[in-house]
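Take a look at the structure below.
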Amino acid sequence: MNHGGHLGNDAVLSLVHEARVRLFARHGWTELDVRGPGILMVDAAVVYRAEGAWGMTLRVDVAVADLGSRGCDLVYRLSDAASGKEIARAKTGIVFFDYAARRVVHVPEAFREVFGPP
């Protein structure tokens, strides 16, 4: 909670990080190994739609958008699990990164197979 008693930006980014980790784990990946390269978060944005309150259970839905040659956006919808009311939306831009070579690389084929166009 922030000073105003509302869901803070730092908490939203922590929640979407956890959602991203779980999404990757569902496919057998980690943020450091998506069938080879890892990821780097290069930007983030949070937009509030309603007030988030202490004790509220949130549901976080995740989707992939703007899949390019070296990265994509992950978009998140945070809603009150009890009512379904949308609380916030967030976006994180990621690129794929070869940590050994210290450079941005192409999207792994395994990621593209799961999240690319049919």
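Coordinate-derived values only; no laboratory data. All values reported here derive from a predicted model rather than from experimental measurement. Don't worry about glycine lacking a Cβ; one is built from the backbone with ideal geometry, like all the others, and counts go over all protein chains shown.
Summary table below
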read-out: In sequence order, calculated HN-Hα J values of the stretch 44-58 (Karplus, 6.51, -1.76, 1.60; Hz; x Gly/Pro); value: 8, 8, 10, 10, 8, 10, 7, 7, x, 10, 4, x, 6, 8, 9
read-out: Radius 10 Å from Cβ of Pro108, net charge of other residues (Lys, Arg +1; Asp, Glu -1); value: -1
read-out: Point-charge dipole on Cβ atoms (K/R +1, D/E -1) for the chain, about Cα centre, debye to 20; value: 100
read-out: Net lengthening on full extension, Asp43/His6 (0.36 nm per residue, minus Cα-Cα); value: 11.0 nm
read-out: For the stretch 18-32, 3J(HN,Hα) per residue [Karplus equation, 6.51 cos²θ - 1.76 cosθ + 1.60, θ = phi - 60°, Hz, x = Gly/Pro]; value: 4, 5, 5, 4, 5, 4, 5, 4, 4, 9, x, 10, 10, 5, 9
read-out: Average projected area [Cα convex hull, the chain], square nanometres; value: 8.0
read-out: Residue-span extension gain [Met56 to Glu113] - 0.36 nm each, minus C-alpha spacing; value: 17.0 nm
read-out: Estimated distance in nm for a label pair at Asp66 and Lys85, the labels positioned 7 Å out from Cα along Cα-to-Cβ; value: 3.0
